[in-house]
Amino acid sequence: MSEAPPNAPPLQPRIESRILSLREQRVMLDSDLAVLYDVQTKVLVQAVKRNAERFPADFMFQLSPKEWAALRSQTVTSNPGRGGRRTAPYVFTEQGVAMLSSVLGSPRAIAVNIEIMRTFVRVRALIATHQDLAKRLSELEQKTEQIDMRQDAFSRNTRNQLLQVFEAIKALTVPDDPPRRAIGFGTGEEKAKPKK
């Protein structure tokens, strides 16, 4: 198995920023996977079509025109007729991404798939942690309200302060949006500059 060069940036942040939420599932676009696997998108799609029986609807699906229009409005893509993509992209669920390594079969595909699977697991764990913390916070808030109702002496000021604390903690439990990719083309000079 080939290893990444010693100065290569870690894949996990790049992978995490490419995981989308569509149809109540976490998925990755065919074009993003192609970049990670270092193949052309059409090569990836052709390999999948040759092995269609390995990709049922819960592993892969093509975006609807409405979903594709929404996605294009969020990112800059070239217009059809000017060398741009003419068909809606395919997206792969976690199981579909796992199946891709067997279809592509290259050492890079296998190595990248391992990192993608680890990233999906990490994202799932983060979501579970935030949901558990939000549930516990809600229970604590309810208990405080019950105490408040029994204790008339509980000052309004203290109640307001507690509510502010709860709101601040709730804000901390919401996961940050993944970093967005830059829009447009960068010059060679911009790419060479270290990010701050």
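Taken together, the values in this text are just the output of simple stated rules run on the coordinates, not laboratory data. Everything quoted here is computed from the prediction, not taken from an experiment. A quick note on method: Cβ atoms are made from the backbone with ideal geometry, for glycine too, and the neighbour counts reach across all protein chains shown.
So here's what we get for this one:
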| item | result |
| --- | --- |
| Ranked list, fewest to most other Cβ atoms within 10 Å of each Cβ, for Thr41, Thr173, Thr93 | Thr173, Thr41, Thr93 |
| Burial order of peptide ranges 119-126, 131-138 (average beta-carbon count within 10 Å, highest first) | 119-126, 131-138 |
| Distance between modelled label sites at Lys170 and Ala128, nm, 7 Å Cα→Cβ extension | 2.5 |
| Residues Phe55, Phe92 arranged by fewest to most Cβ contacts within 10 Å | Phe55, Phe92 |
| Gain upon complete extension [Arg23, Ala98; 0.36 nm per residue less C-alpha separation] | 25.1 nm |
